[in-house]
Number of protein chains: 4
Amino acid sequence: MNQYRVLIDANDEKGLVHKVSSIFYNYSLNILSNSEFVDKESNKFFMRSVVEGAVNKQELTDAINAVLPTNASVKVIEPKKKNIVIMVTKELHALGDILIRHEAGELEANILAVVSNYDHLESLVQKFDIPYVSISHEGLERTEHETKIIECIEAFEDVDYIVLAKYMRILTPRFVEAFEDKIINIHHSFLPAFIGANPYKQAYDRGVKIIGATAHFVNNNLDEGPIIAQEVIHVNHAYGWRDMQRSGKDVEKVVLSRALKLALEDRIFVYANRTVIF
Amino acid sequence: MNQYRVLIDANDEKGLVHKVSSIFYNYSLNILSNSEFVDKESNKFFMRSVVEGAVNKQELTDAINAVLPTNASVKVIEPKKKNIVIMVTKELHALGDILIRHEAGELEANILAVVSNYDHLESLVQKFDIPYVSISHEGLERTEHETKIIECIEAFEDVDYIVLAKYMRILTPRFVEAFEDKIINIHHSFLPAFIGANPYKQAYDRGVKIIGATAHFVNNNLDEGPIIAQEVIHVNHAYGWRDMQRSGKDVEKVVLSRALKLALEDRIFVYANRTVIF
Amino acid sequence: MNQYRVLIDANDEKGLVHKVSSIFYNYSLNILSNSEFVDKESNKFFMRSVVEGAVNKQELTDAINAVLPTNASVKVIEPKKKNIVIMVTKELHALGDILIRHEAGELEANILAVVSNYDHLESLVQKFDIPYVSISHEGLERTEHETKIIECIEAFEDVDYIVLAKYMRILTPRFVEAFEDKIINIHHSFLPAFIGANPYKQAYDRGVKIIGATAHFVNNNLDEGPIIAQEVIHVNHAYGWRDMQRSGKDVEKVVLSRALKLALEDRIFVYANRTVIF
Amino acid sequence: MNQYRVLIDANDEKGLVHKVSSIFYNYSLNILSNSEFVDKESNKFFMRSVVEGAVNKQELTDAINAVLPTNASVKVIEPKKKNIVIMVTKELHALGDILIRHEAGELEANILAVVSNYDHLESLVQKFDIPYVSISHEGLERTEHETKIIECIEAFEDVDYIVLAKYMRILTPRFVEAFEDKIINIHHSFLPAFIGANPYKQAYDRGVKIIGATAHFVNNNLDEGPIIAQEVIHVNHAYGWRDMQRSGKDVEKVVLSRALKLALEDRIFVYANRTVIF
């Protein structure tokens, strides 16, 4: 008995659910869960099923592909731990939350390494017997620095996701292209408000009554990638921007961990700079 | 072209999605939305589809029934305004919210009448050209009073739902049986906390930091019917119980209206004293 | 026995609480509630006390003024209904919520009139015996239209607040100056995200997972005035922009009514484009 | 220059703010923040001020005491790290969150030890160079076991708080009395709903749409002590009780850490089985 996550992404047409569910039925697969969504505007069909039964992965993939329209995408995924690299700068809270969840067995992930441009968090990471790679940016051109990080990450085999757990440097297009659709970032505002540097200071200056955080995939435009998860908290006049920053940390870590879990469980589809999440 | 909401409730077995979606496909129906859920504990399968096409309602019902296990339930419903009767005592906020939504065209409902044991809200209801029936309980035995209300409601044809928008009298089993699965109540606490009278006073006495409201179907046990929707707000030490009551009104009206909309849109399944909501 | 709300706004210096509370004590006033805040960045002191006792309003004002630094502001306000004018375009929900709260006696306000550039909401408003003034903008220059509205509003005596309950036209600086610090608007996004037209469409296009609403005072820059209240709700991929718009209405009406109550109860200080709210 | 937190708890009478603020003024103390609350029902006055200046702690305490009614309580506290002992059973998440916050310097606390009736969490705690004391309950009477734990805790000097971070055994009155007003517990439901064992199972059985967690001081009645903080999350029909348990962990850890911070910052007054929190 194998368990598979089946992710389908196709142009919508009549009968897709029928055709796919027929295949599940013919292979005597048990459907553990099933979610569908049609985006009427773009005429796109999305489906995520978790199925169980005695079938070969490639055979199932081929069978589904055969009934789908051209240009459809099918992924049949065996649940197993994914490989992640975490990047940080100096702040501990988001990394710490991931380390604790990892320790508790909550995450379907192997943490291959934590990479930073500082060594501030080295002692924490080493407690958990996870490699810490400090690659200082000092004295280096941005591209030189990134080259070193890319080389470091590429030295690992099969990196599924790179998690920016408050990595405070802007990535160049070259870096982003090297790991397309694999980089998850936490931005400390409810995007698209307060793009860029020091969003809490911006939020304070604007006098908002709500602050938030946004986890998103990174594409070439700063803070403009597809949003995975967002959360907010209420603030009031007594919050200076450093109070917002302090309180915001609790939201940041929750949102990043939530987004990471969604990614690890293969629950996210990306299209048209947005996400469908089952 | 007709549009139908198809609601299926069956013991789970392999192939149900396949069989039902085959019927949709064979009748050339377009699936506008589709939701499924299997409750593993009770082995129950629930499905709600919205489909569109040229098929007769009875024919579609029969076709689906033919492929389902025995004891399954199929409802094929044409979207149209449902008939509701609202019952109130003296408080205005929950009724007012429904009247305004009705006026705005937000509700798929005809309000046949507002029934009350007082005449406090008569002038409000009459502004909206809705019949107001005042049936005082004074000087009457409980059963006499209820008999009058039941007669009043049964005089209307086809009452789909009775909405208790802060009707502050306890209903007898006889009343509840007369309108089984049709009575929606708003209770002013997050059930099962603070069952019974004056939940805000109870909440204040317990020193809670959160208060809430619960919309539920009414069965014979007070405040113990299947929960449809719940919502909460934060309070603090400065809230006396009357402040909680005042603030709680905003939650009550939101939760009741949300539950009512779910019912009117045929999104609720009830089983085992719980609800599945698509 | 009189009850007063005392609002003080001064440059901070040592002893302000002491000096003001001494006056309350000397006049044998009972303090029903007391809130203070010092904004360290701007060195501003804010205080709101509700006091009760046998003292003349002017005498109390003068006594407090005498102990405060120069440039301080003191307001001693008797709780009573404030006069408001509501402006709307075509949407019913925000206006409806205010009308129902007014009917329920929840608002310390007289609604002098509802002014609109359309007559869509006339029949609703008239149910509540409130004057409805329809001033069409068709065929008029913007300034001509505004002149008519200003004349209409100024014909009422003592208008305390103008509530824009989804008034969908941009106000000119001239209008805003005519009613400085008196105009409360509801914007249908969590500002500063999605300034301007159709924020739900903007939110949909950005693929956000949270939408919201913001009540704020209006100043000359569109959607940039001091924020009074904000609230959000979660959305997901299944929400088209019209679904967001529909769901957003519930947030809009809640936030606007909350802001209005804060204003009516004299709980808001405005400074540096932000609000202090007690 | 010293900084003090001044906490006053007295029967209310006219002039208390005046009298206390006079003392601050006479000692030339700078008020950094100031909060007051009068509970009208019990006629109790609460005040928390943070002041700064050149005054001796005892002198300030005596001066304030001299102007307060009899039976009043004054605490003048220097901000410094408090000593805490954490008690756990097997679950990692709540403890982990505290350890990470401690590591990040977010908590005004020294963690003296983690005490458990199992050794499951020993390796985690030792990573942080914090003593882990495993005191198995196996083969021991409840009172014997508790005696060992009490001895262990009392061997430390000056324990300010005992934090039950999912310690899953019921404490006897003797234990509670030994550490009166010092024990903070996290209960995995929004109390008073679902007192006792396996609240998530209870919540599932009741079919709730909201689950939550409650941090409270422990008194002799199980789950009935004064509530410090509560938080909830929405669930739906797809949540089995183990899903609720899994999702609930995120709420539990947030609520417990929030309550702990409030305690460490001397922001909590307890009276009449409730809390006033500034």
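Quick check on region D:188-204. Is at least one of its residues over 18 Å from B:Ser189 (Cβ atoms), crowded, with 17+ Cβ neighbours inside 10 Å, free of Cβ contacts under 8 Å to residues at least 40 places away in the same chain and not polar (S, T, N, Q)?
If we filter region D:188-204 for residues that are over 18 Å from B:Ser189 (Cβ atoms), which is where we start, we get D:188, D:196-198, D:200-201, D:204.
From the residues that got through so far, the ones that are crowded, with 17+ Cβ neighbours inside 10 Å too are D:188, D:200, D:204.
Next cut, free of Cβ contacts under 8 Å to residues at least 40 places away in the same chain only: none.
Among the residues of region D:188-204, not one is over 18 Å from B:Ser189 (Cβ atoms), crowded, with 17+ Cβ neighbours inside 10 Å, free of Cβ contacts under 8 Å to residues at least 40 places away in the same chain and not polar (S, T, N, Q), which makes the answer no.
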Checklist outcome for this item: Okay, strands (runs of 3 or more DSSP E) sitting entirely in region A:1-87 with 1 or more residues that are in contact with a Pro (Cβ under 6 Å, 6 or more places away or on another chain) and among the small types (Gly, Ala, Ser), I get A:2-11
Checklist entry - If we scan region D:176-186, do we find a residue that is within 24 Å of A:Glu103 (Cβ to Cβ), more than 14 Å from chain B (Cβ to nearest Cβ), surrounded by fewer than 22 Cβ atoms within 10 Å (Cβ to Cβ) and touching a Leu at 6+ places or on another chain (Cβ under 7 Å)? => result no
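With respect to B:Ser73, determine if the residue is small (Gly, Ala, Ser) and free of Cβ contacts under 8 Å to residues at least 40 places away in the same chain. I'd like the intermediate steps shown before the answer.
Values: small (Gly, Ala, Ser): yes; free of Cβ contacts under 8 Å to residues at least 40 places away in the same chain: no.
No.
Only one of these is under 21 Å from D:Phe217 (Cα atoms) and free of Cβ contacts under 8 Å to residues at least 60 places away in the same chain: D:Leu140, D:Leu164, D:Leu121, D:Leu171. Name it. Full working, then the answer.
Numbers: D:Leu140 fails: under 21 Å from D:Phe217 (Cα atoms); D:Leu164 fails: free of Cβ contacts under 8 Å to residues at least 60 places away in the same chain; D:Leu121 fails: under 21 Å from D:Phe217 (Cα atoms).
Sole residue among the options that is under 21 Å from D:Phe217 (Cα atoms) and free of Cβ contacts under 8 Å to residues at least 60 places away in the same chain: D:Leu171.
Residue by residue, here is whether (1) crowded, with 17+ Cβ neighbours inside 10 Å; (2) among the polar types (S, T, N, Q) holds:
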site	(1), (2)
D:Gln245	yes, yes
D:Gly248	yes, no
D:Glu252	yes, no
D:Leu256	yes, no
D:Ala259	yes, no
D:Ala263	yes, no
D:Asp266	yes, no
D:Tyr271	no, no
Checklist entry - Which condition does D:Asp158 not pass, out of (1) closer than 30 Å to A:Arg246 by Cα; (2) buried (at least 20 other Cβ atoms within 10 Å of the Cβ); (3) under 17 Å from the mean Cα position of the chain (by Cα), if it passes all the others? => result (2)
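Please enumerate the residues belonging to region D:60-70 that are of a type outside the set (Ser, Thr, Tyr) and either touching a residue at least 12 places away in the same chain (Cβ under 8 Å) or in contact with a His (Cβ under 6 Å, 6 or more places away or on another chain) (or both). Walk me through it before giving the result.
The first filter runs over region D:60-70 and keeps only residues of a type outside the set (Ser, Thr, Tyr), leaving D:60, D:62-69.
Those that are of a type outside the set (Ser, Thr, Tyr) and either touching a residue at least 12 places away in the same chain (Cβ under 8 Å) or in contact with a His (Cβ under 6 Å, 6 or more places away or on another chain) (or both): D:Leu60, D:Ala63, D:Ile64, D:Val67, D:Leu68, D:Pro69.
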Checklist entry - Looking at region A:224-278, which of its residues are within 11 Å of chain C (Cβ to nearest Cβ), closer than 30 Å to A:Ile77 by Cα, over 13 Å from the mean Cα position of the chain (by Cα) and not in a strand (DSSP E or B)? => result A:Glu224, A:Ala272, A:Asn273, A:Phe278
Next on the checklist: Take the residues in region B:51-74 that are of a type in the set (A, V, I, L, M, F, W, C), more than 11 Å from chain A (Cβ to nearest Cβ) and under 24 Å from the mean Cα position of the chain (by Cα); name whichever of them is surrounded by the fewest Cβ atoms within 10 Å (Cβ to Cβ).
Outcome noted: B:Ala72
Checklist entry - If a residue has to be closer than 15 Å to D:Ile31 by Cβ and more than 8 Å from chain D (Cβ to nearest Cβ) to count, how many in region C:20-31 make the cut? => result 1
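Yes/no matrix, rows are residues, columns are (1) without any contact (Cβ under 8 Å) to a residue 40 or more places away in the chain; (2) more than 28 Å from the chain's Cα centre (by Cα); (3) at the interface with another protein chain (Cβ under 8 Å from one of its Cβ atoms); (4) over 21 Å from A:Phe269 (Cα atoms):
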site: A:Met1; (1), (2), (3), (4): no, yes, no, yes
site: A:Tyr4; (1), (2), (3), (4): no, no, no, no
site: A:Val17; (1), (2), (3), (4): yes, no, yes, no
site: A:Ser33; (1), (2), (3), (4): yes, no, yes, no
site: A:Phe37; (1), (2), (3), (4): no, no, yes, no
Checklist entry - How many residues does region C:205-226 contain that are modelled with pLDDT of 95 or more, touching a Pro at 6+ places or on another chain (Cβ under 9 Å), surrounded by fewer than 24 Cβ atoms within 10 Å (Cβ to Cβ) and within 19 Å of C:Val255 (Cα to Cα)? => result 1
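Answer yes if at least one residue in region C:183-192 is over 21 Å from C:Lys261 (Cβ atoms) and at pLDDT below 95, and no otherwise. Steps first, please.
The initial filter retains those residues of region C:183-192 that are over 21 Å from C:Lys261 (Cβ atoms), namely C:189, C:192.
Going one step further and asking which of them are at pLDDT below 95, we end up with C:189, C:192.
Among the residues of region C:183-192, at least one is over 21 Å from C:Lys261 (Cβ atoms) and at pLDDT below 95, which makes the answer yes.
Would you mind finding the one in D:Thr89, D:Thr61, D:Thr147, D:Thr70 that is among the hydroxyl-bearing types (Ser, Thr, Tyr) and modelled with pLDDT under 95?
Working: D:Thr89 fails: modelled with pLDDT under 95; D:Thr61 fails: modelled with pLDDT under 95; D:Thr147 fails: modelled with pLDDT under 95.
Criteria check complete, one pass: D:Thr70.
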Checklist entry - Residue check: is C:Asp119 surrounded by fewer than 19 Cβ atoms within 10 Å (Cβ to Cβ) and at positive phi? => result no
Item to check | Flag for B:Val88 being in contact with a strand residue (DSSP E or B) (Cβ under 6 Å, 6 or more places away or on another chain), surrounded by 21 or more Cβ atoms within 10 Å (Cβ to Cβ) and within 14 Å of chain C (Cβ to nearest Cβ) | outcome: yes
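The values are calculated or read from the model by the stated rules, or taken from the named source; none is laboratory data. What you are looking at is a predicted structure, and each value in this text was computed from that prediction instead of being measured. Don't worry about glycine lacking a Cβ; one is built from the backbone with ideal geometry, like all the others, and counts go over all protein chains shown.
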